[in-house]
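This is the structure, below, for whatever I ask next.
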Amino acid sequence: MAIVTIFGGTFGDDERIAVDVALTLGWRYLSREILVDATEICDVSQAKLNEILDKEPHWWARWLENLRPYRIALQSAMCEAALADNLVYHGHIGHALLPDIGHVLRVLITAPLEYRRDRVRARQGLDAKAACHYIDQVERARSRRLKALVGLDWQDPGQYALVVNLAQMGVSSAVTTIVGAARLDDYQSTADSARALADLALTARVQATLLRTLGTPSLLINVLAKEREVYLRGTLSATIADEEIRTLVESVAGVEKVLTDFETMPSEIRHYG
């Protein structure tokens, strides 16, 4: 099993590359479908997920909005897809949703501004100034949203195993290069990397179950899964019993043991506001 994530900028060739990589490898291709899966897993709005990933928030929203439910939904959907099959994911979130998994090949498709500007002009019929403005708006929005959502800057090359500059390498060569890298031993699943993915997936699955069942109060519960054991820590209101949480988590597929360490929220805080 192996996973390739491909993230490009604003000039449009990244989708074509990702599709061709998946076809060449004979692997499943996944892109915006992850939003549908996330919606179903956590009962969150697909329109809201689209907005979070694509639009720059107002300054006050960046301070007030809690994006953790949407990160949980997206990560749970991504993990379930990664567990199921060899996968090529195209989009600007996938590389961040599978941290510390050794058999993930993270690819960034890039090019100098002049190249991106010319591609946007040709695709959208814009003049040079409008094309540069479009690129700046899209990339700034993505940077701020991804920073808020997962705490990473997508422009940091240190996150990627492979950075492909399309001003110096054609699309066909880029596909050949990525396919070759995906077949390297470095990106094949090992016992350790498979175990890390299983732990991450179970953590995300438990978080999604708590979110779907308890709603916002679940965000006060920290979850860590390791080899089918789930550790829960956090703060509960007096209306939610430790045993209720334990029973709920024990019902999640893959959970064999649950350990809890909860504190009860003081009533004066619980009733504030």
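The values are calculated or read from the model by the stated rules, or taken from the named source; none is laboratory data. What you see is a predicted model; the values in this text were computed from it and never measured. Neighbour counts run over all protein chains shown; Cβ positions are idealised from the backbone, glycine included. Remember, those area values only see protein heavy atoms, side chains included, never the ligands or the DNA or RNA. Shrake-Rupley method; radii C 1.70, N 1.55, O 1.52, S 1.80 Å.
Restricting to region 55-84, and then to whatever is touching a strand residue (DSSP E or B) at 6+ places or on another chain (Cβ under 9 Å) and surrounded by fewer than 24 Cβ atoms within 10 Å (Cβ to Cβ), can you tell me which residue is modelled with the highest pLDDT?
The residue in question is Ala81.
Also, quick follow-up: Would you call Lys129 under 23 Å from Thr216 (Cβ atoms), open to solvent by 60 Å² or more (accessible area, probe 1.4 Å) and free of Cβ contacts under 8 Å to residues at least 60 places away in the same chain?
Here the answer is no, as Lys129 does not meet what is asked.
From (1) crowded, with 23+ Cβ neighbours inside 10 Å; (2) assigned to a helix (DSSP H, G or I), pick out the condition that doesn't hold for Val4.
(2)
Could you say whether any residue in region 161-172 is within 30 Å of Glu40 (Cβ to Cβ) and open to solvent by less than 80 Å² (accessible area, probe 1.4 Å)? Can you show your working first?
The initial filter retains those residues of region 161-172 that are within 30 Å of Glu40 (Cβ to Cβ), namely none.
No, every residue in region 161-172 fails to be within 30 Å of Glu40 (Cβ to Cβ) and open to solvent by less than 80 Å² (accessible area, probe 1.4 Å).
Is it fair to say Asp100 is acidic (Asp, Glu), closer than 25 Å to Val171 by Cβ and surrounded by fewer than 19 Cβ atoms within 10 Å (Cβ to Cβ)?
Here the answer is no, as Asp100 does not meet what is asked.
Of everything in region 103-126 that's charged (D, E, K, R) and open to solvent by 50 Å² or more (accessible area, probe 1.4 Å), which residue is farthest from Arg32 (Cα to Cα)?
Top of the filtered list is Glu114.
Restricting to region 22-36, and then to whatever is in contact with a strand residue (DSSP E or B) (Cβ under 7 Å, 6 or more places away or on another chain) and of a type in the set (Ser, Thr, Tyr), can you tell me which residue is modelled with the lowest pLDDT?
Of everything passing the filter in region 22-36, Ser31 is modelled with the lowest pLDDT.
Looking only at region 7-44, count how many residues are part of a loop (DSSP other than H, G, I, E, B), out of contact with any helix residue (DSSP H, G or I) (no Cβ under 8 Å at 6 or more places or on another chain) and under 28 Å from Arg140 (Cβ atoms).
The number of residues fulfilling the criteria is 1.
Ok, one more. Check whether at least one residue in region 224-235 is in contact with a Cys (Cβ under 8 Å, 6 or more places away or on another chain) and open to solvent by less than 80 Å² (accessible area, probe 1.4 Å), and report yes or no.
The answer is no, given that none of the residues of region 224-235 is in contact with a Cys (Cβ under 8 Å, 6 or more places away or on another chain) and open to solvent by less than 80 Å² (accessible area, probe 1.4 Å).
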